[in-house]
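> There's a structure below that I have some questions on.
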Amino acid sequence: MAMVKVRTQFKNRIHATLAKYAIVIDEVSDIFGKRGRHLICQAIQELPPETRQSVEEQLKLLDQVSGQIEQIEEHIREVVKETPMTQLIKSLPGVGIFWQS
């Protein structure tokens with residue numbers, strides 16, 4: 001959960017920086033998806049050099065944190081055994097293995 005919080009903070013900082021410079025990316029619903037990231041890389045070229053470098057570094061850190069989250073989730077899937085009770089609970093709307101923001 002702590003790593004997901006860190007990932008969310010990076011995303012919020014990037015959103016705030018784009019908003020500060022009136023950069024809107026509305027072609028996609030998730031700007032951090034594959035296509036959205038491509039659009040971000042194009043859009044940040046409009047930023048002042050120092051700000052652009054800061055956003056680029058934040059994107060790198062975001063990728064690192066996301067990779068760590070994937071590794072942690074994979075480890076959890078390997079360690080935690082699925083039982084009939086957990087299968088039943090996961091059948092409820094909004095309940096899954098992981099909660100992400």
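> Rounded, prolate or oblate: pick one for segment 23-66, where a ≥ b ≥ c are the square roots of the eigenvalues of its C-alpha gyration tensor, a/c under 1.5 means rounded, and failing that, prolate if a/b is larger than b/c, else oblate.
Cα axes put segment 23-66 in the oblate bin.
> Quick one: if you stick a label point 7 Å off each Cα along the C-beta vector at Glu50 and Arg13, how many nm between them?
1.6
> Could you state the per residue volume, in Å³, of the convex hull enclosing the Cα atoms of the chain?
Expressed per residue, the convex hull around the Cα atoms of the chain is 111 Å³.
> Here is a follow-up. Accessible area per residue, 1.4 Å probe, Å², for segment 1-100: what's the number?
73
The values are calculated or read from the model by the stated rules, or taken from the named source; none is laboratory data. Just so it is clear, the structure is predicted and the values come from calculations on it, not from any experiment. Note: ideal-geometry Cβ built from the backbone for every residue, glycine included; neighbour counts use all protein chains shown. Protein only, heavy atoms only, side chains kept; ligands, DNA and RNA dropped before computing areas. Shrake-Rupley method; radii C 1.70, N 1.55, O 1.52, S 1.80 Å.
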